[in-house]
Amino acid sequence: MYLLGYDIGSSSVKVSIVDADTQAAIGVCSYPKKEMGMISHQVGWAEQEPEDWWQYACDATKDLISTTNIEVNQIKAIGISYQMHGLVCVDKDQKVIRPSIIWCDSRSVDIGNAAFETLGQDFCYNHYLNSPGNFTASKLAWVKNNEPDVFAQIHKVMLPGDFIAMKMTGEICSTISGMSEGIFWDFKNKSTAKDLLSNYGISEALLPPLKETFSVQGKLNKEGAEALNLTEGIPVSYRAGDQPNNALSLGVFEPGDVAGTGGTSGVIYAVTDKLIADKKNSVNSFAHVNYTTTSQRVGVLLCINGAGSMYAWLRKNIAPSDMEYELMEKEASAMPIGSDNLILLPFGNGAERMFQNKNIGAQFCNLQLNRHTKAHMYRATLEGIAFAFVYGIEGMNEMGIDTSNLKVGNDNLFRSDIFSQTIANITKAPIRIVETTGAIGAALGSGYGIGYYAELKDAFQNLKIEKTITPQKENEAYLEAYNNWKLSLNKYL
């Protein structure tokens, strides 16, 4: 028996087939082979075509089935992970009527800030655990205010994972966890965020009906099965945003557990049983995958937009065209800690939540033309992203959140020794690298969704720790470099 998991990212779509009994991956595939592009008509805008996600999901599935040579009738469940906070709008025929406004788009910041003041800051913290900010509800309000003809055609709005599930099953639905990430959920009233929707002049009827995160949310219909080369009738039994799902993939679902991700964006995600809000608006709180109205599980999320995206930019635009990340790491390792005072602020991928949605851009500071080389830039970039993580972790610690029990995946920036060691040394906490991916986690989540695993923890009982990064005793150079980095950052805040 097999489980199929999808991870719909903004860089690529990943698919994994997992053996339900051993919980081991049989195969993993991703499309496109080059990083997916974004549409940016103006500074701060970021859009993608939802139909592209679907096409890449189909391509990756067909490739994976072909290379693994498994019997598709043995696939018994499908799970979906997806890039958070995106807005997908469809008409009554389930046709996409505009490109998706995705997670790193910052056009609706002012709309969300205005609602924050109108509704009252304390009201928003008590009911939504966040400012409406730049999240999906505010993006929908932007469409209403700026594209009234488009808005008039909307039958339902969805998150990216809801759209993929719709393409598979023909059914439109979402989850409480998904609605909370869009600021469509009222935690205090345990219902749709009616006051925010009223403030925006948006009908609740535009939102999809809700189903449980782990449940049969629809079954693969004829059209979906043909497009994917799968068997009709397979249940879609789990969906979640990428960061809650990444946490799930690492076995992080109880209070005190912490997950980290160094993908396109960088994330620290801590689970708590408290409805906690950050009144500095540096981190955000959303319903975790196992949140229910009777058992609160909230994920406190620190997000850094410019993480892997910053390092990918460096490789594309600064490194030689044929240089792989492994060689960049090797050259960077020859440079001293602190990169001879070359400092990189990696905040060039839209408004940064931990700076109250300021868009300060990416900056190389203290560049000395007669001293610094490309290798210095490689190390400064890895260090700069790591310092941004540490800066955010310190803010979470000030909120009373213990981040010392940190697990991370093995398919992102944490594979870099420079990056991981920098974070471990400054925070003085070990980092455990787990052998898993988001697509594998989504597959295992689907197994729990159909009841194959009796308890959620059973689906992740065979997780393997690949490596542990232990803090080094001699870390003065790291602390000095971090303090210099903060001095440069303060000039832009």
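Taking every DSSP bridge with both residues inside the chain, close to 70 percent are antiparallel. Among the trypsin sites (Lys or Arg not before Pro) found in segment 391-454, those both in a DSSP coil and sparsely packed, with 11 or fewer other Cβ atoms within 10 Å of their Cβ, are Lys428.
Within the accessible area of segment 329-430, the carbon and sulfur atoms contribute 45%, probe 1.4 Å, all protein chains present. Out of the total accessible area of segment 181-241 (probe 1.4 Å, heavy atoms of protein only), what percent is carbon and sulfur? Of the solvent-accessible surface of segment 181-241, carbon and sulfur hold 47 percent. For segment 1-74, applying the loop criterion from DSSP together with a ceiling of 10 other beta carbons within 10 Å to the GluC sites (Glu not before Pro) yields Glu71. Size descriptors for segment 188-319 (Cα atoms only): Rg and Dmax, in that order, 18.4, 52 Å.
For segment 311-436, the alpha-carbon coordinates run over 45, 35, 24 Å along the three principal axes, in decreasing order. When +1 charges are put on Lys and Arg Cβ atoms and -1 charges on Asp and Glu Cβ atoms, the dipole computed for the chain relative to its Cα centre reaches about 520 debye. Taking a quarter of the surface of the Cα convex hull of segment 369-444 gives a mean projected area of 6.7 nm².
Electrostatic tally near Val15: other residues with Cβ closer than 11 Å to its Cβ, Lys and Arg +1, Asp and Glu -1, net -1. Farthest toward the positive end of the dipole of segment 46-98, out of Ile75, Leu64, Pro50, is the Cα of Ile75, where the dipole comes from beta carbon charges about the Cα centre. Helical runs (DSSP H, four residues minimum) scored at -39500 (n - 2.57) apiece and divided by the length of the chain put the mean residue ellipticity at 222 nm at -10500 deg cm²/dmol. Globularity index of segment 202-242 is 1.45 (Cα radius of gyration / 2.2 N^0.38 Å, N = number of residues).
Using Stokes-Einstein with the Kirkwood hydrodynamic radius over Cα pairs, what translational diffusion coefficient do you get for segment 1-84 at 37 °C and a viscosity of 0.692 mPa s, in µm²/s rounded to a whole number?
Values: Rh = 13.7 Å.
Reported coefficient: 240 µm²/s.
Considering only Gly361, Ala165, Pro255, and ranking their Cα positions along the charge dipole of the chain that arises from unit charges at the beta-carbon of Lys, Arg, Asp and Glu, the one farthest toward the positive end is Gly361. By the Kirkwood approach, averaging reciprocal distances over each pair of separate Cα atoms, segment 412-458 gets a hydrodynamic radius of 12.9 Å. Probing with 1.4 Å while keeping every protein chain in the model, the per residue accessible area of the chain equals 39 Å². For segment 1-152, with all protein chains in place and a probe radius of 1.4 Å, 45% of the accessible heavy-atom surface sits on carbon or sulfur. Computed from the alpha carbon atoms alone, the convex hull of the chain holds 132 Å³ per residue. Which of the lysines could be linked to Lys467 by a straight reach, that is with a Cα gap under 26 Å, when you skip same-chain ones fewer than 8 residues away? Here the lysines satisfying the reach criterion relative to Lys467 are Lys14, Lys330, Lys407, Lys428, Lys457.
Considering every pair of different Cα atoms, what Kirkwood radius, in Å, is found for segment 38-189? Show your work: numbers first, answer last.
Working: mean 1/r = 0.0594 Å⁻¹.
The answer is 16.8 Å.
Loop-resident trypsin sites (Lys or Arg not before Pro) (DSSP state other than H, G, I, E or B) in segment 1-72 with no more than 14 further Cβ atoms inside 10 Å of their Cβ: Lys33, Lys34.
Viscosity 0.692 mPa s, temperature 37 °C: what is the translational diffusion coefficient of segment 118-206 from Stokes-Einstein with a Kirkwood Rh over Cα pairs, rounded to a whole number of µm²/s? The Stokes-Einstein estimate is 240 µm²/s.
The values are calculated or read from the model by the stated rules, or taken from the named source; none is laboratory data. All values derive from a computational prediction rather than experimental measurement. Because the Cβ atoms are built from the backbone with ideal geometry, glycine has one as well, and the counts that use them run over all protein chains shown. Side chains included, ligands, DNA and RNA excluded: accessible areas come from the protein's heavy atoms. Shrake-Rupley method; radii C 1.70, N 1.55, O 1.52, S 1.80 Å.
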